[in-house]
Amino acid sequence: MDLARLSCEIRSTPSQRGPPVIPARYAPIAFGFFLSGMMSLIVSGISMLRATEVWEGFVTIWMGAWLTSWAVAFPVVLFVAPLARRLVARMTIPG
């Protein structure tokens, strides 16, 4: 079997953009990782901007604050997400 042709056939499948990086069973963890990272970046930036008017070195201070908040946000998101799903399930009806 020609490996180059096989590789081309696999990549030309419209449903796949490339090989998955992690197994699907880790999708909720990856989702929590990216969600908590983006949310903590935005929230810490807004909080820093409102609390301080320091423009000199703002990005450096912000990145330090963001990394600290992300370290807290990631496990909290993983813990709270199932609770939030249950609350939403109770509040909604099928259909």
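Just rank L83, L67, fewest to most, by other beta-carbon atoms within 10 angstrom.
Final ranking by Cβ density, sparse to dense: L83, L67.
At most 12 other Cβ atoms within 10 Å and a DSSP loop assignment: could you name the chymotrypsin sites (Phe, Trp or Tyr not before Pro) in the stretch 9-95 that fit? The partial results should precede the final answer.
Details: sites: Y26, F31, F33, F34, W55, F58, W62, W66, W70, F79; in loops: W55.
Answer by residue number: W55.
Please report, for the Cα atoms of the stretch 31-95, the Rg to one decimal and the Dmax as a whole number; what are they, in angstrom?
Answer for the stretch 31-95, Rg first and Dmax second: 15.6, 53 Å.
Which whole-Hz ³J(HN,Hα) couplings does the stretch 40-57 yield from phi under the Karplus relation 6.51 cos²θ - 1.76 cosθ + 1.60, θ = phi - 60°, glycine and proline marked x?
Those phi angles translate into 5, 4, 5, 5, 5, x, 5, 4, 4, 5, 6, 7, 10, 10, 7, 9, 6, x Hz.
A short reminder: the numbers here are calculations on the coordinates, not readings from a lab. Bear in mind that the values here come from a model prediction, so they are computed numbers and not experimental data. Here Cβ is always computed from backbone atoms with ideal geometry, including for glycine, and neighbour counts include all displayed protein chains.
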